[in-house]
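These notes concern the structure reproduced below.
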């Protein structure tokens, strides 16, 4: 029988040789952790609004927010796995996410219009954070990380466009 201790992952940060220096991977992991936290909290907020939206645009907003939180759920896994692939542990607690994220939690029951405005603002925050991280990844010649982040920028920009379109009706 294998002991519990031998099943635990042992970090191999110093032996990883992927063409990005150890200190640069640490910086990327830090930036990716912030992106992960923003994405996780925006995903939670989007799902909250999906469950609780009411009003004349209920069905459309219900469907739109569902598509957005499902996309972010996949992205969360991709971002966390990228942090692991570059040799660092991914944050995984609400405390860590709340500390790292720029997204503000919503505990009240805003109107549908206020929900949309919050989601627009929060997707914009994600875009800005993603751009900073993508620029750093490109500077460090970590193309895989840069590609992941650039793809996420495009998705958040599409989310903003769709949400803003609902507001202008």
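The values are calculated or read from the model by the stated rules, or taken from the named source; none is laboratory data. Quick caveat: nothing in here was measured; it's all calculated off a predicted structure. Every residue, glycine as well, gets a Cβ built from its backbone with ideal geometry; the counts of neighbours run over all protein chains shown.
Miscellaneous remarks
- Options 73, 80, 90: the member that is over 20 Å from residue 134 (Cβ atoms), out of contact with any strand residue (DSSP E or B) (no Cβ under 9 Å at 6 or more places or on another chain) and either surrounded by fewer than 18 Cβ atoms within 10 Å (Cβ to Cβ) or modelled with pLDDT of 95 or more (or both): 73
- Residue satisfying condition, being under 15 Å from residue 48 (Cα atoms) and either within 16 Å of the chain's Cα centre (by Cα) or crowded, with 21+ Cβ neighbours inside 10 Å (or both), within set 151, 124, 113, 104: 104
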